[in-house]
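Trainee: Please see the structure below; I have some questions.
The values are calculated or read from the model by the stated rules, or taken from the named source; none is laboratory data. Since the model is a prediction, treat every value here as computed from it, not as a measurement. Reconstructed Cβ throughout: ideal geometry from the backbone, glycine too, with neighbour counts over all protein chains shown. Surface accessibility is based on the protein's heavy atoms, side chains included, excluding ligands, DNA and RNA. Shrake-Rupley method; radii C 1.70, N 1.55, O 1.52, S 1.80 Å.
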Amino acid sequence: MEISGSLEQALQEGNILRQLNALIVASDVASATMTPLNVEASPTRLLELVAKGLAAENNGSLRGVSSSVLLPTSYGSVTNPRTASIDFSVTHVKGSSKTIPKHESKQLSEHKSVVRCARFSSDGMFFATGGADTSIKLFEVPKVKQMLSGDTQARPLIRSFYDHAEPINDLDFHPRSTILVSSAKDNCIKFFDFSKTTAKRAFKVFQDTHNVRSVSFHPSGEFLLAGTDHAVPHLYDVNTYQCFLPSSFPDNGVNGGINQVRYSSTGSVYVTASKDGAIRLFDGVSAKCVRSISSAHGKAEVTSAVFTRDQRFVLSSGKDSTVKVWEIASGRMVKEYIGAKRLKLRSQAIFNDTEEFVISIDEGNNEVVTWDARTAEKVAKWPSNHNGVPRWIEHSPVEPVFVTCGTTDRSVRFWKESV
């Protein structure tokens with residue numbers, strides 16, 4: 001009985017330590033703690049957790065919650081931007097627009113159906129694509145460059161994963177581990193470890209209640225934001241599988257799912273681009289909706305929304321054929337980019353790696369269009385070289401390369417500056 005009692009006590013203390021660890025992580029990372037939304041702990045309970053945690057830490061027994069295989073410290077490191085962020089609040093801009101170097105593209109691979117999404121890792125070393133054929137392909141960027149330079153032995157496609165039952169909607173890379181996450185129409189979020197050469201299937205699965213349209217890792221890697229056909233964003237604790245909902249959400253005018261979710265660079269705020277035409281901003285700590293920009297693109301749905309590096313502005317695109325920049329503090333539109341038709345596809349508008357240019361797709365002319373981010377002048381348009389309009393465009397966060405994903409031709413094209 002004494003042994004049984006000791007075992008039970010050890011299990012209880014272990015459970016307490018796990019809870020404390022989760023609380024520490026949640027309080028340390030900027031956006032995490034939605035835990036209070038569904039966990040009510042008395043002051044004495046919290047004191048007990050802290051006391052247990054401090055005792056364990058003094059004994060050297062407290063460990064991190066992540067069980068992921070970590071890469072060398074160089075993986076996931078983000079290089080400093082090549083230029084400073086643009087102050088979009090200066091509306092009356094003087095001076096001529098910048099010229100973006102001409103780009104050329106090369107077809108890398110094909111899916112068996114429409115290529116629906118792509119994502120670069122934060123260090124730009126990898127990118128992945130997801131298709132309507134339910135497959136995910138992982139490419140190594142240095143090997144892509146070797147192939148483009150004429151190296152016939154280079155094989156940039158390094159992994160293929162098959163574990164979804166329906167088309168892939170979105171992808172994201174863990175900020176510091178060899179983990180690629182995917183979301184799909186089968187209501188699932190799946191985690192793949194690409195450090196294992198033979199792994200074809202997910203090692204972890206989150207089953208949602210809705211079609212999961214978009215995913216975004218918190219910068220800590222401990223939490224995952226999901227946008228679904230449900231109007232409210234879902235937040236998952238990566239380690240405990242718990243799903244949290246915002247503590248407050250506007251009830252009026254919310255109608256439709258979420259096309260895209262994205263965290264800011266520090267996780268202090270996140271954004272949703274919704275089918276009801278609204279852009280909504282949430283405080284990363286309290287999870288409260290702090291600003292709702294209704295009819296951001298008229299009556300059209302918002303197809304994408306991403307933050308500037310300084311977290312002061314959001315770049316959005318919609319099915320009204322416009323791209324806009326919004327000031328977070330005031331909710332006012334400060335820039336608008338026109339001249340590219342987007343009415344059918346859920347295509348995006350993106351910044352280049354320096355945020356000097358805005359890039360998107362023109363469905364009408366099957367072109368890649370670029371504007372000067374500061375002046376809003378269209379400065380370049382290039383044939384997409386796809387047989388059919390590209391569905392997705394994604395830029396490297398660290399260098400002047402990007403990828404486009406085909407619909408009719410099912411291809412992945414890699415773009416770089418012409419020599």
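Trainee: Go through the stretch 136-196 and tell me which strands (runs of 3 or more DSSP E), entirely inside it, have 1 or more residues that are open to solvent by less than 50 Å² (accessible area, probe 1.4 Å), of a type in the set (A, V, I, L, M, F, W, C) and closer than 14 Å to VAL215 by Cα. Reasoning before the result, please.
Mentor: Working: elements: 157-162, 168-173, 179-184, 188-193.
Counting at least 1 such residues, we get 168-173, 179-184, 188-193.
Trainee: Also, quick follow-up: Restricting the stretch 330-350 to residues that are among the aliphatic types (A, V, I, L, M) and at pLDDT below 95, which is nearest to THR370 (Cα to Cα)? Full working, then the answer.
Mentor: Applying the first criterion (among the aliphatic types (A, V, I, L, M)) to the stretch 330-350 yields 333-334, 338, 340, 343, 345, 349-350.
Add one more test, that the residue is at pLDDT below 95, and what stays is 340, 343, 345.
On the way: ALA340: 9, LEU343: 18, LEU345: 18 Å.
That would be ALA340.
Trainee: Another question, if that's okay. Residues of the stretch 191-216 being out of contact with any Ser or Thr (no Cβ under 9 Å at 6 or more places or on another chain) and either under 18 Å from ASN259 (Cβ atoms) or charged (D, E, K, R) (or both), which ones?
Mentor: ARG201, LYS204, SER216
Trainee: Hey, another quick one. Tell me yes or no: at least one residue of the stretch 232-246 is open to solvent by less than 10 Å² (accessible area, probe 1.4 Å), touching a residue at least 24 places away in the same chain (Cβ under 8 Å) and in contact with a helix residue (DSSP H, G or I) (Cβ under 6 Å, 6 or more places away or on another chain).
Mentor: Within the stretch 232-246 (the criterion being open to solvent by less than 10 Å² (accessible area, probe 1.4 Å), touching a residue at least 24 places away in the same chain (Cβ under 8 Å) and in contact with a helix residue (DSSP H, G or I) (Cβ under 6 Å, 6 or more places away or on another chain)), the answer is yes, since at least one residue qualifies.
Trainee: Give the residue, chosen from VAL212, VAL269, VAL290, VAL205, that is farther than 19 Å from THR308 by Cα and open to solvent by 10 Å² or more (accessible area, probe 1.4 Å).
Mentor: Details: VAL212 fails: open to solvent by 10 Å² or more (accessible area, probe 1.4 Å); VAL269 fails: farther than 19 Å from THR308 by Cα; VAL290 fails: farther than 19 Å from THR308 by Cα.
None of the other options fit; the residue is VAL205.
Trainee: What are the residues in the stretch 111-135 that are assigned to a loop (DSSP other than H, G, I, E, B) and basic (Lys, Arg), if any?
Mentor: First, the residues of the stretch 111-135 that are assigned to a loop (DSSP other than H, G, I, E, B): 111-114, 121-125, 132-134.
The answer is LYS112, and nothing else.
Trainee: Now, a different point. So which of VAL261, VAL285 ends up being surrounded by fewer than 19 Cβ atoms within 10 Å (Cβ to Cβ) and touching a residue at least 40 places away in the same chain (Cβ under 8 Å)? Show your work before the answer.
Mentor: Numbers: VAL261 fails: surrounded by fewer than 19 Cβ atoms within 10 Å (Cβ to Cβ).
Only one candidate passes the filter, namely VAL285.
Trainee: Can you find a residue in the stretch 298-306 that is of a type in the set (Gly, Ala, Ser), open to solvent by 20 Å² or more (accessible area, probe 1.4 Å) and within 19 Å of ILE328 (Cα to Cα)?
Mentor: Yes, because at least one residue in the stretch 298-306 is of a type in the set (Gly, Ala, Ser), open to solvent by 20 Å² or more (accessible area, probe 1.4 Å) and within 19 Å of ILE328 (Cα to Cα).
Trainee: Report those strands (runs of 3 or more DSSP E) wholly inside the stretch 202-306 carrying at least 1 residues which are over 18 Å from SER316 (Cβ atoms) and among the β-branched types (Val, Ile, Thr).
Mentor: Working: elements: 204-207, 212-217, 223-228, 234-237, 258-263, 269-274, 279-283, 289-293.
The strands (runs of 3 or more DSSP E) meeting that bar are 204-207, 212-217, 223-228.
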